[in-house]
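Asker: Right, I'll just put the structure down here and ask away after.
Each value in this text was obtained by applying a stated rule to the coordinates, not by laboratory testing. This is a predicted model, so every value here is computed, not measured. Quick reminder, even Gly has a Cβ in these numbers, built from the backbone with ideal geometry, and neighbours come from all protein chains shown.
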Amino acid sequence: MLCKKKLDTWQVEYEPLFFNPSGFAIKKAPFPLSHTLEFFRGFFQMQGIASQIPALVLNPQPGERVLDMAAAPGSKSTQMAALMKNKGQLFLNDINRGRLQALNANIQRAGAINQIITRLPGERLGNLFPAFFDKVLLDAPCTALGTLPGHPEVAGWWNRQKLEKLSALQHRLLISAVKALKVGGELVYSTCSISPLENEAVIHQILANYPLEIMTIDTLPVSSFNPGWVGFGNETYHPEMRRALRTDPLVHGLEGFFVIKLKKSARSFESPPDKRMPFIPTFPSDSPVVKEDLKAFSKQWGIDQTVWSAYRFIRTATRLWLVNNEVVQIPQNEFVSAGLLLAEKRLSGWRPTNQSVQMFSGYLSKRRLELSRDNFMRLFANGTIPSPRLEKGYYALVWRGEALGVVYAEGGTLRIRLPHYFRLTSE
């Protein structure tokens with residue numbers, strides 16, 4: 001969490017969010033907050049204010065198995081990983097390959113180790129994972145009409161035909177979500193649209209055909225928001241639709257959002273076993289699959305090997321991934337990644353990632369490199385600095401006693417791999 005003390009130090013103008021004690025509305029900042037070490041280290045995430053509501057309503061807990069059906073680019077996913085305290089299993093899915101890259105970058109920067117990322121059509125998830133999840137978030141693709149005040153370009157591509165097409169997609173995704181949910185499990189459906197055709201009408205239709213109950217939202221001060229609509233034009237909706245909440249840009253000063261919480265009350269159709277997702281195991285630290293790699297990695301970076309017993313691992317041809325001990329298996333098909341990328345195999349040995357050296361900073365006793373303040377700032381601003389005295393190889397960059405990233409020395413130059421260059425004006 002980005003604490004008030006740090007915001008005050010940076011002289012940022014902000015307001016706490018009345019519905020989220022961990023969130024702040026940034027009014028004015030003297031520099032881009034994405035150019036701070038705190039952002040680089042994954043201490044906070046930029047997110048629309050209203051878009052924080054769905055995850056808070058779902059309220060995923062440690063130990064649960066949770067699905068984010070349309071997860072990219074990942075602000076809600078990182079929010080849920082934090083709410084789950086990196087425990088349980090958080091399945092993140094998206095069909096768009098480009099958006100998945102953004103999702104993976106965001107979730108890696110956050111240091112999450114409970115997530116499993118897949119690339120599957122959302123409509124298939126219910127048949128592939130029948131009655132599998134304790135909780136499901138469906139933040140559905142929509143017309144984004146709720147963002148119109150801040151994004152007038154939405155008006156340029158919106159039309160009735162597109163609205164009806166998206167409404168049909170939302171209905172199919174909801175059916176899939178219901179199938180994927182355990183009996184007694186909870187489902188949150190949300191959109192950033194103000195159109196009832198994408199919201200109440202979709203829910204009304206699904207209630208008529210599937211065993212769902214509308215739940216009271218008890219994790220937010222719902223009286224501060226607008227209720228869901230029980231009718232529009234000549235249409236009448238389920239009377240308990242009032243339990244949903246709506247944000248109104250003109251009333252609340254937020255993006256327009258619709259959020260409703262549902263509970264699965266009975267079994268629905270479940271696909272036969274031969275149609276379901278097959279799984280493959282992850283491995284404990286003493287497995288022959290990863291034991292020698294972890295031993296070599298520990299020796300190279302001076303890490304006590306006993307630390308690895310708290311995790312499980314995935315081994316590919318050139319990569320080691322670390323997950324929590326509850327992620328004992330991963331989907332066999334359309335699997336993208338899981339947990340934290342611990343290290344990549346290079347000719348000189350195992351190269352850790354920026355996030356993994358941050359996570360295990362207290363255990364790294366070899367190849368630690370601390371720079372002067374000026375050189376540290378120049379390295380983040382330019383990606384490279386001259387360093388003629390360093391032996392060729394990888395090092396853990398240390399700042400104020402903490403390992404922050406991985407640097408590579410070669411030919412008198414020191415390099416760091418960054419998502420973008422950082423003008424660390426806050427330092």
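Asker: Could you line up L207, L212, L92 from fewest to most neighbouring Cβ atoms inside 10 Å?
Answerer: If I rank by nearby Cβ atoms, fewest first, I get L207, L212, L92.
Asker: Moving on to the next point. Compute the Rg to Rh ratio over the chain from the alpha carbon atoms, using the Kirkwood formula for Rh, and round to two decimal places.
Answerer: Using only Cα positions, Rg/Rh for the chain is 1.00.
Asker: Arranged by the count of other C-beta atoms within 10 angstrom, fewest first, what order do E391, E213 take?
Answerer: In order of increasing Cβ crowding within 10 Å: E391, E213.
Asker: Further question on the same structure: In this model, which of K87/K295; K6/K28; K76/K345; K182/K275; K179/K261; K299/K366 are farther than 20 Å apart at the alpha-carbon?
Answerer: Where the Cα-Cα span goes over 20 Å, the pairs concerned are K87/K295; K76/K345.
Asker: Please work out whether segment 268-314 counts as rounded, prolate or oblate from its C-alpha gyration tensor, where a ≥ b ≥ c are the square roots of the eigenvalues and a/c under 1.5 means rounded, while otherwise a/b larger than b/c means prolate and anything else oblate?
Answerer: prolate
Asker: Sticking with this structure for a sec: Quick check on the chain: of the DSSP beta bridges with both residues there, what percent are antiparallel, nearest 5%?
Answerer: So the antiparallel bridges in the chain amount to around 75 percent.
Asker: Here's something else I'd like to know. Fewest Cβ neighbours within 10 Å first, please rank W308, W301, W229 accordingly.
Answerer: With the fewest neighbours first, W308, W301, W229 line up as W229, W308, W301.
Asker: Take every Cα-Cα pair in segment 1-127 and report what % of them are more than 21 Å apart.
Answerer: Taking all Cα-Cα pairs of segment 1-127, the fraction more than 21 Å apart is 42 percent.
Asker: Taking θ = phi - 60°, what integer Hz values does the Karplus form 6.51 cos²θ - 1.76 cosθ + 1.60 yield along segment 366-381, in sequence order, with x for Gly and Pro?
Answerer: With the stated coefficients, segment 366-381 comes to 10, 6, 8, 10, 10, 10, 5, 4, 4, 5, 4, 5, 5, 4, 6, 7 Hz.
Asker: Could you work out how far helix 160-180 tilts from the main Cα principal axis of the chain, as a 0 to 90 degree angle to the nearest 10?
Answerer: 70
Asker: Would you work out if segment 50-264 is rounded, prolate or oblate? Take a ≥ b ≥ c from the square roots of the eigenvalues of the alpha-carbon gyration tensor; rounded if a/c is under 1.5, else prolate when a/b is larger than b/c, oblate otherwise.
Answerer: rounded
Asker: Using helices alone, what [θ] at 222 nm do you get for the chain, with -39,500 (n - 2.57) per DSSP H run of 4 or more residues, divided over all residues and rounded to the nearest 500?
Answerer: After summing the helix terms and dividing by residue count, I get -6500 deg cm²/dmol.
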